[in-house]
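The values are calculated or read from the model by the stated rules, or taken from the named source; none is laboratory data. Worth saying up front: this structure is predicted, and the values here are computed from it rather than measured. FYI the Cβ positions are ideal-geometry reconstructions off the backbone, even for glycines, and counts take in every protein chain you see.
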Amino acid sequence: MSRLARLQQGLTLGSLALATGWGLWAWSWSRPAAWAGVLVLLGGYAMVLALEFVVVGVVNRRDPTPRASARTLAQAWWHEVRVAPQVFSWRQPFRWRCLPDEDVPLAPGRTAVVFVHGFVCNRGFWLPWMHALRQRGVPYTSVNLEPVFGSIDTSVPLIDDAVRRAHALTGQPPMLVCHSMGGLAARAWLDAVPGAHERVSRIVTIGSPHHGTWLAQFSRVDNGRQMRIDGEWLCSLRARETATAPITRFERFVCWYSNADNIVFPATTATLPGADNRHLPGVSHVAMAFHPRVMHETLALLTEPPAT
């Protein structure tokens with residue numbers, strides 16, 4: 001089940017219906033007004049994204065990561081404008097059941113992938129990755145993290161089940177690939193489940209707010225508040241991690257981050273001490289998950305021995 005898919009179906013179809021209704025009604029008395037209304041109803045999200053990138057340019061001035069130029073941020077904005085509808089208005093609401101985990105064949109001796117999505121997403125987010133893995137004969141499992149706005153801690157049993165299913169497909173520890181909040185969910189699972197570190201080969205995080213994100217200060221939902229910089233939930237998680245393995249805790253992590261991430265910023269909040277932190281300049285938050293370099297280098301990790 002995916003309640004998020006139903007919600008996004010309603011939002012997508014409702015927006016299309018509203019835009020169509022306005023266009024038909026306004027066309028008779030003002031064609032410019034008709035087109036303007038349709039553009040606002042269907043493309044208003046682009047203005048919200050533009051505001052995010054303006055804030056990114058200001059907030060990242062205090063971050064040690066090299067700053068993105070205004071032109072770079074504008075290009076990242078345009079890329080995000082094109083990618084976002086594919087994810088939130090098509091794959092997640094209408095295609096999330098495609099390429100189901102149940103159809104993945106056994107592959108003894110290989111390394112499977114466990115996909116963990118982020119905030120306001122579901123397994124449909126990962127469809128391009130699932131296509132790529134099927135072409136390579138690499139098995140995978142995935143999760144739908146719900147309730148959508150519940151605590152990140154509620155994801156622990158879901159991830160645990162996905163890891164168990166992935167191990168059953170190959171007999172080997174799988175690799176976790178996590179986007180955005182999914183990286184925090186993976187850390188919560190590692191902290192909560194005894195022996196979890198030995199059950200995975202690597203954890204790859206893409207634009208994950210490991211130290212929180214500036215935007216979370218405006219959130220009023222449970223998992224949003226948990227992503228606040230120096231928030232209570234993050235500080236508690238960090239304290240427990242430090243107590244159990246202060247030096248080697250993140251040696252198996254590969255963390256992708258960007259100076260043009262419009263959701264997780266300042267940029268270095270997506271890095272971890274001791275991890276393999278990889279900067280991807282000029283790439284926005286959602287687009288980062290499907291960037292050719294991210295996909296190529298992450299899939300290459302499947303054939304490399306895990307860090308020790």
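Restricting attention to region 273-308, which residues are assigned to a loop (DSSP other than H, G, I, E, B), of a type in the set (A, V, I, L, M, F, W, C) and either surrounded by fewer than 18 Cβ atoms within 10 Å (Cβ to Cβ) or without any contact (Cβ under 8 Å) to a residue 60 or more places away in the chain (or both)?
If we filter region 273-308 for residues that are assigned to a loop (DSSP other than H, G, I, E, B), which is where we start, we get 273-275, 280-284, 289-291, 304-308.
Cutting the leftovers down to of a type in the set (A, V, I, L, M, F, W, C) gives us 275, 280, 283, 289-290, 307.
Of everything in region 273-308, those that are assigned to a loop (DSSP other than H, G, I, E, B), of a type in the set (A, V, I, L, M, F, W, C) and either surrounded by fewer than 18 Cβ atoms within 10 Å (Cβ to Cβ) or without any contact (Cβ under 8 Å) to a residue 60 or more places away in the chain (or both) turn out to be Ala275, Leu280, Ala307.
I'd like the residue in region 22-65 that is touching a residue at least 24 places away in the same chain (Cβ under 8 Å) and part of a loop (DSSP other than H, G, I, E, B) and, out of all such residues, is nearest to Val83 (Cα to Cα).
Restricting to residues being touching a residue at least 24 places away in the same chain (Cβ under 8 Å) and part of a loop (DSSP other than H, G, I, E, B), the top hit is Thr65.
When region 120-160 is examined, which residues are found to be within 13 Å of Ala186 (Cα to Cα) and aliphatic (A, V, I, L, M)?
Val143, Leu145, Ile152, Val156, Leu158, Ile159
Looking at region 6-35 only, could you name the residues that are surrounded by 14 or more Cβ atoms within 10 Å (Cβ to Cβ) and either of a type in the set (Gly, Ala, Ser) or in contact with a strand residue (DSSP E or B) (Cβ under 7 Å, 6 or more places away or on another chain) (or both)?
Ser15, Ala19, Gly23, Ala26, Ala33, Ala34
Can you tell me which residue is surrounded by the fewest Cβ atoms within 10 Å (Cβ to Cβ) among those in region 76-93 that are touching a residue at least 40 places away in the same chain (Cβ under 8 Å) and β-branched (Val, Ile, Thr)?
Across region 76-93, the extreme among qualifying residues is Val83.
Is it the case that region 202-216 has a residue that's farther than 29 Å from Glu52 by Cα and modelled with pLDDT of 95 or more?
Start the filter on region 202-216 by keeping residues that are farther than 29 Å from Glu52 by Cα, which leaves 202.
From what's left, modelled with pLDDT of 95 or more: 202.
Yes.
Quick test for you: out of Val143, Val156, pick the one residue that is more than 16 Å from the chain's Cα centre (by Cα) and free of Cβ contacts under 8 Å to residues at least 40 places away in the same chain. Show your work before the answer.
Numbers: Val143 fails: more than 16 Å from the chain's Cα centre (by Cα).
Of the residues listed, the single one that is more than 16 Å from the chain's Cα centre (by Cα) and free of Cβ contacts under 8 Å to residues at least 40 places away in the same chain is Val156.
For region 240-270, what are the residues that are over 18 Å from Gly57 (Cα atoms) and either within 16 Å of the chain's Cα centre (by Cα) or modelled with pLDDT of 95 or more (or both)?
Phe253, Val254, Cys255, Trp256
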